[in-house]
Amino acid sequence: QVQLVESGGGLVQAGDSLRLSCAASGRTFSSYAMGWFRQAPGKEREFVVSISRSGDRIYSADSVKGRFTISRDNAKNTVYLQINSLKPEDTAVYYCAATSAYYTNTPLRYDYWGQGTQVTVSS
């Protein structure tokens, strides 16, 4: 079992930056590729970005390239999502997830999910 807890969300203004964190506990963190997803009100969960077990490979959705950066610290069992130049359309609940498969954009391949952290961007 892996428990994931996100933090760092909040209410920000357009143009601001945020860094979300996802702390993992349980089984060996470095055994899992990690991903970030988001879900806006009334919309389906959307893939944002994923990172390989060692952190050397990253796969981003085209919609966030250049503004969203994922990183991980296996010594701290934590994965991060840096979001720059926030836009109102970034408003969503952001979830981190862990997969024993390769770093992927497919939600069904993820084994464990956090409870999410709300990001609200005002214009």
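If a residue has to be part of a strand (DSSP E or B) and basic (K, R) to count, how many in the stretch 29-69 make the cut?
The number of residues fulfilling the criteria is 1.
Which count do you get for residues in the stretch 79-91 that are over 12 Å from the mean Cα position of the chain (by Cα), surrounded by fewer than 22 Cβ atoms within 10 Å (Cβ to Cβ) and not small (G, A, S)?
Residues flagged as over 12 Å from the mean Cα position of the chain (by Cα), surrounded by fewer than 22 Cβ atoms within 10 Å (Cβ to Cβ) and not small (G, A, S) within the stretch 79-91 amount to 6.
Report every pair of residues separated by at least 6 positions or lying on different chains whose Cβ atoms are under 6 Å apart, first residue within the stretch 92-114 and within 28 Å of L11 (Cα to Cα) and open to solvent by 10 Å² or more (accessible area, probe 1.4 Å), second modelled with pLDDT under 95 and not in a loop (DSSP other than H, G, I, E, B).
Y112/V2
Conditions: (1) open to solvent by 50 Å² or more (accessible area, probe 1.4 Å); (2) at pLDDT 95 or above. F68 meets all but one. Number of the miss?
So the condition that F68 fails would be (1).
Any residue in the stretch 16-27 that is at pLDDT below 95 sitting within a Cβ distance under 6 Å of a residue that is open to solvent by less than 60 Å² (accessible area, probe 1.4 Å)? List the pairs, counting only those 6 or more apart or interchain.
The qualifying pairs are G26/V2; R27/V2.
Counting only residues that are out of contact with any helix residue (DSSP H, G or I) (no Cβ under 6 Å at 6 or more places or on another chain) and within 24 Å of S52 (Cα to Cα), give me the strands (runs of 3 or more DSSP E) lying completely in the stretch 71-123 with at least 2 of them.
Details: elements: 78-83, 92-99, 117-122.
Fully inside the stretch 71-123 and qualifying: 78-83, 92-99.
Filter the stretch 9-65 down to the residues that are within 18 Å of N84 (Cα to Cα) and open to solvent by 80 Å² or more (accessible area, probe 1.4 Å) and list them by number.
The answer is L11, Q13, R19, I58, Y59, D62, K65.
The values are calculated or read from the model by the stated rules, or taken from the named source; none is laboratory data. Just so it is clear, the model here is predicted, and its values are computed rather than measured. Because the Cβ atoms are built from the backbone with ideal geometry, glycine has one as well, and the counts that use them run over all protein chains shown. Each accessible area value is taken on the protein alone, full model and side chains, heavy atoms only, with ligands, DNA and RNA left out. Shrake-Rupley method; radii C 1.70, N 1.55, O 1.52, S 1.80 Å.
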